[in-house]
Every structure is written in structure tokens, then in C-alpha cells.
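Engineer: For reference, the structure I am asking about is given below.
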Amino acid sequence: MQDREDWFAPLAEQDLGAAAEIERLSFSSPWSRTSLAEAIAQPNLCYFVGAHRKDGILVGCAGMHIICGECYIDTVAVHPDWRGNGIGRGLLGALIRYAKAQNADFLTLEVRLSNEIAKRLYQAMGFEKAGVRRDFYENPKEDAVIYTRFLTAEEKGETEHENIGN
């Protein structure tokens, strides 16, 4: 994905149908088009990013809520046909860059205990296991592993020279 940085841009209204479909294909409790629309309508509280192919087709999306310098990642979803191509890494990288630009203290997320691929990605991106939420997920019922990445003062200063996708 190093050569595809231009694929990542804030999620726009025209992306909502495709984003909702990617969510549906990815999760047993997906974000709806309406929920995504409500989130992107609150740019001071939320940041959602999309991964677009060169022809404009959305192939992934990710989003987080930002509250008092704390970033809560709500979703990272990649269309099944595009998994394994670095899209998830790129989406997560876009969220991290945005968090740095906002001088956030940390990013955190939950992931299904059984989702080994996602857990490896989060660990590779500097997230550390912070705990477990018992029976957090439904359909099927499963524990969630909490991962957190704290941002250092040095990391926050890096964003002066980075493109954050805004």
C-alpha cells in the first residue's frame, strides 16, 4: 500500500452505500448507512476514512470517535475481495495520522478474540493488548480483546510533515 497513499480520503456522502455494504459483508452487527451518515455529519466528534481504488470504487472504510483527546476506533472494514492487499493497514494508518494531528493521547479498539489476522495487524501497528471484555460480541457470542496505542509527544509532532487525508 505504500504506493497507494492517495487511495485514502475522508469518507463522503456518496460513499455511504458502499461503506454500509462493506460493513454488512464484514460484521455480524454492521454499521448502517444511516449510522454512517450521522457519524460523518459530526466532523468535530468523528473521523471516517475510505479506501478508494483509482476508479473511485470504495474498497474499505474505517472510523473513530474522538472525545477529549481519546480516539475510539469503531470500525475497520475491507471488502472481502480486497483483503490481504494492505488496505486495512492503510486505513488504520490514516486513523493514526489523524489522531496525531489532533494531538490525541491514545487510540483504542475492540476486536473479536478469534480474529487473529486483525490482532496481528493491530500489534504490528503499535497497539498493545489492554484487556478483555467478556461476552462483548453477539452472533456469535465472543469475548473482545481491547488494544490501545498511546501516542508520544514526538509522534504528535511528526504530523507537520505528513498528509493526514483532509
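Here is a yes/no grid of residues against (1) surrounded by 15 or more Cβ atoms within 10 Å (Cβ to Cβ); (2) under 16 Å from Ser26 (Cβ atoms):
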position	(1), (2)
Cys68	no, no
Val76	yes, yes
Asp81	no, yes
Phe136	yes, no
Glu142	yes, yes
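Engineer: Shifting gears a bit: For segment 114-131, which residues satisfy the criterion of being closer than 16 Å to Arg97 by Cα and small (Gly, Ala, Ser)?
Structural biologist: Ala124, Gly126, listed by residue number.
Engineer: While we're here: Taking segment 99-132 only, how many residues are part of a helix (DSSP H, G or I), surrounded by 13 or more Cβ atoms within 10 Å (Cβ to Cβ) and of a type in the set (A, V, I, L, M)?
Structural biologist: Going through segment 99-132 one residue at a time, the tally reaches 4.
Engineer: Quick one: in segment 11-31, of everything that is of a type in the set (Gly, Ala, Ser) and surrounded by 13 or more Cβ atoms within 10 Å (Cβ to Cβ), which residue is nearest to Gly69 (Cα to Cα)?
Structural biologist: Only one residue tops the list, namely Ala12.
Engineer: May I pose another question? Give the residue, chosen from Tyr72, Tyr47, that is part of a strand (DSSP E or B) and surrounded by fewer than 17 Cβ atoms within 10 Å (Cβ to Cβ).
Structural biologist: Tyr72
Engineer: Based on this model, can you work out whether Cys61 counts as assigned to a strand (DSSP E or B) and touching a His at 6+ places or on another chain (Cβ under 8 Å)?
Structural biologist: no
Throughout, read-outs are computed from the coordinates displayed, never taken from laboratory work. These numbers were taken from a predicted model, which means no experiment stands behind them. Don't worry about glycine lacking a Cβ; one is built from the backbone with ideal geometry, like all the others, and counts go over all protein chains shown.
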